[in-house]
Amino acid sequence: MSIVLRFAVLTLCVFALVTAATRQSPERQVAYPNELPNLKIYEHAKWKTLKPYVSTFDDIQKLLGKPVPVYDELLHTFFAGYQDDPDWIIVIDVVDRNAELPDSVVGRVLTIELYPKNRVSLVGADFSAFRGATYSANQEVFTSYYDRFGLRYVVYEKESADRRFQVGDLKRIDYGPSDAETERLKRENSARRKFQPVVQIVAPSRIQRP
């Protein structure tokens, strides 16, 4: 085989590999591309198979088992969660019934929330890919950084009441649905409700007897 022919064959092989990789790339889209460099959790998490608006309560229990009572020091109450992970308390929030989303997603996973068991400082973190909103709750102040893919970091803006967490420490991480998926479901539900026939129930009239 001549050198020219070999070069041509090699070029075609490289082109075929590049084309195949390009075609497959949309299937390998990263669900949460803006994860902070020091908190790349999702890709290796056991719970990554739980999908917002898709996974059910049975899916949660099959994967993580039955939840246990977890104490919320901010609200001074217990809620259901998972404490098996050495670094995080995991809480799964589900969709409540509301007028904006279809009934088909009620009770399905909304967000996976991670609460650090130890201090995680985010001082100096780059949140340029996120929007931010500051709020207060029970005399504590937080900033919520969130993006369009459903990722949210809640950060302390002042020392926590129990002094366990300092300014810039992480309060929690939320992995939820993307803005695009939420808007799609809202549009579908709105269109369905718009064309849904209204059934009027009429009480039977009483017959006047002579």
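Do the conditions hold for Ala129, that is, is it at pLDDT below 95, of a type outside the set (S, T, N, Q) and assigned to a loop (DSSP other than H, G, I, E, B)? Judged against the criteria, Ala129 is not a match.
Has segment 89-111 got any residue that is of a type in the set (Ser, Thr, Tyr) and touching a helix residue (DSSP H, G or I) at 6+ places or on another chain (Cβ under 7 Å)?
Our first condition is that a residue be of a type in the set (Ser, Thr, Tyr); within segment 89-111, this holds for 104, 111.
Pick out the ones that are also touching a helix residue (DSSP H, G or I) at 6+ places or on another chain (Cβ under 7 Å) and you get none.
No, because not a single residue in segment 89-111 is of a type in the set (Ser, Thr, Tyr) and touching a helix residue (DSSP H, G or I) at 6+ places or on another chain (Cβ under 7 Å).
Considering only residues in segment 94-131 that are among the acidic types (Asp, Glu) and free of Cβ contacts under 8 Å to residues at least 60 places away in the same chain, the one that is surrounded by the fewest Cβ atoms within 10 Å (Cβ to Cβ) turns out to be Asp96.
Of all residues in segment 35-71, those satisfying the criterion of being under 14 Å from the mean Cα position of the chain (by Cα), part of a loop (DSSP other than H, G, I, E, B) and closer than 23 Å to Tyr153 by Cβ are Glu35, Ile41, Ala45, Leu50, Lys51, Pro52, Tyr53, Ser55.
The values are calculated or read from the model by the stated rules, or taken from the named source; none is laboratory data. The model shown is predicted, which means the values in this text are computed figures rather than measured ones. For neighbour counting, all protein chains shown are included, and Cβ atoms are generated from backbone atoms with ideal geometry for every residue, glycine included.
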